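Derivation of every value follows stated rules applied to the coordinates shown; laboratory data play no part. Here the structure is a predicted model, which is why all the values come from computation and not from measurement. Heads up, the Cβs are rebuilt from the backbone with ideal geometry, glycines too, and the neighbour counts pull from every protein chain shown.
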Amino acid sequence: MRSDVFTTESLAVPGGTETVLRGGRHLFPLLPQALHGVRRIGVIGWGPQGRAQARNLRDSLTGTDVRVAIGLRPGSASLDDARAHGFTEADGTLGDWLAIAAESDLVILLIADAALAAHHEELFAVLKPGATIGLSHGFLLGHLRATGRDFPAGHPVIAVCPKGMGDSVRRLYEQGATVNGAGINASIAVHADPDGHAGDRALAWSVALGSPYTFATTLESEYRSDIVGERGILLGAVHGLVEALYRQFLLDGADPVTAYERSCEAVTGPIAHTISKAGLRAVREATDTELFDRAYAAAYGPAREILAEIYDEVADGTELRSVVLADGRLATRPMSRIGGSPMWAHGDEVRARRRDDLPIDPVTAGLFVATMVAQVDEFAERGHAWSEIVNESIIEAVDSLLPYMHARDVAYMVDNCSRTARLGTRRWGPRFQAAYEQIALPVLAAPADPKLVQAFLDNPVHEALAAAAELRPSVDISV
């Protein structure tokens, strides 16, 4: 990652260094220069990311000659909400998606993955010569490769991928008004750079979103780690984990509220908070280490096995194809919700009696950390950069998603996330649940494999996470 406008820095990671950009509002005056000729940004879509990114971009570029406009499909149900947030047809900042795309110098495509797979050719056809194509997810690249197509020649293709949900992107940006640099970390990718300025445009976009820490990846690496992560520790695995543990604690004699606290509440509360503030090893040190080690050793292998399977299916296009196929079904048969299992009926009672001194359950902690480290190790073995690994497997979980799950619950989060993530969670969450119930939990009484425990203690992820934490603003997301 290089820039003619921003000053980057080196981040020490296991085995070497990576180049990153530290963000902050003091960089906003550089945005017009870094955008290199972009005077109109078209954000296509008003889903969670579109809604957040368009507002952040507009606010960051206030006072410049760069305008941000929203493009929506005819009859979109989002029109009124976009108007309510200050985008209007009267001033040209709200309009038909194809018209906005045709008028823009940077076209940021933030409609749903399956919709983008179905409609990208219409959007590509109206682009002005040399317009930059912007993505916040590499799904479209995987789809294009699977169907023997490519991005149109002559257009820069860049990606800025916030490591958190849209609400987090906006809320932390707003908090950044008083805490400089508060925001959601983001990766950037430069897939095509015909004019030599794509990298600076990507960095400008990331800075304008409020990213405190921007790191480089490739579009292919991004979609693989992102989609695997959604199905793994970010959503699918954590849902399967808390469902399995809730049932286990009931079988052990706990009442439903206590079982909820020891499973879901422990993960989204003290475990997430401890990792965010002090790292993974601190979770082990905060609880019964013998029980933690036994749980960790029992869960690591089964979790790693499923994560390797998910990765293979993402890499060969199977998982992406399943999302595209689902789009047709869901047009006539809406997706059912998952919040009907018995444990979620106790969420309100748990939150009503919530306290700050809830202990970390060692079994829950061991299973959760084992799954998180299994994902870290799978990504490392597949060649992902350390910044990407710790953001996709740890930071996004503990600083963006788990706080929302804590404020509501895991099932609510799953039922209200993106369609791609929701489909993947519904497919793979039960696989993780079965692995915990059928493989890990039945052997909890066995002594922990000392080699697995030592591998955890010596894992290079601790060094990488500590380095990334140095770039984290001292602010927790407001939920």
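Brief remarks on what is shown
- For segment 356-419: Kirkwood Rh in Å [reciprocal of mean 1/r, alpha carbons]: 13.4
- Calculated FRET efficiency for the pair Asp476/Asp357, C-beta based, R₀ 22 Å, to 0.05: 0.80
- Per residue, the convex hull volume that the Cα atoms of segment 184-320 enclose (Å³): 142
- Packing-based ranking of 124-137, 386-399, 356-369 yields 386-399, 356-369, 124-137, ordered from highest to lowest mean Cβ neighbour count within 10 Å.
- Anchor Lys163: lysines whose Cα lies under 19 Å away (excluding residues fewer than 8 positions away in-chain): Lys277
- Only one residue of Val13, Ala52, Ala84 has its Cα farthest out toward the positive end of the dipole of segment 1-105, where Lys and Arg carry +1 and Asp and Glu -1 on Cβ, and that residue is Val13.
- Only Lys, Arg (+1) and Asp, Glu (-1) charged, at Cβ; the chain dipole about Cα centre in debye: 860
- In plain terms, the C-alpha convex hull of segment 436-479 casts an average shadow of 5.8 nm² when viewed from every direction.
- Cβ crowding within 10 Å averaged over residues, with 441-452, 28-39, 154-165 ranked highest first: 154-165, 28-39, 441-452
- In segment 316-391, taking the dipole from charged Cβ atoms about the Cα centre, the farthest positive-side position among Leu367, Gly383, Ala352 is held by Ala352.
- Full extension of the chain between Ala469 and Glu309 gives 54.6 nm of extra length, using 0.36 nm per residue less the Cα-Cα distance.
- Share of alpha-carbon pairs per 10 Å distance bin for the chain, given as whole %: 4, 21, 31, 26, 13, 4, 0
- Rounded to the nearest 20 debye, dipole of segment 336-479 from Cβ charges on Lys, Arg, Asp, Glu: 700
- Binned Cα-Cα distances of segment 162-256, short to long, each 10 Å bin given as a whole percent: 14, 30, 27, 16, 9, 3, 0
- With helices as the sole contributors, the chain gives -15000 deg cm²/dmol at 222 nm; each DSSP H run of n ≥ 4 counts as -39500 (n - 2.57), and the sum is divided by every residue.
- With the charge dipole of the chain set up from +1 on Lys and Arg Cβ and -1 on Asp and Glu Cβ about the Cα centre, the Cα lying farthest toward the positive end among the listed residues Leu27, Thr147, Ser336 is that of Ser336.
- FRET efficiency for Thr258 and Thr178, using Cβ-Cβ distance with R0 set to 35 Å, rounded to 0.05: 0.35
- Where the Cα pairs of segment 36-126 fall when distances are cut into 5 Å bins, in %: 3, 15, 28, 29, 17, 7, 2, 0
- Inter-part distance, segment 245-272 to segment 1-75, computed on C-alpha centroids, equals 41 Å.
- As a ratio to 2.2 N^0.38 Å, the alpha-carbon radius of gyration computed for segment 1-64 takes the value 1.39.
- Distance cut-off 18 Å, percentage of C-alpha pairs in segment 125-186 lying past it: 53
- Neighbourhood net charge (14 Å Cβ-Cβ; Lys/Arg +1, Asp/Glu -1) for Ala352: 0
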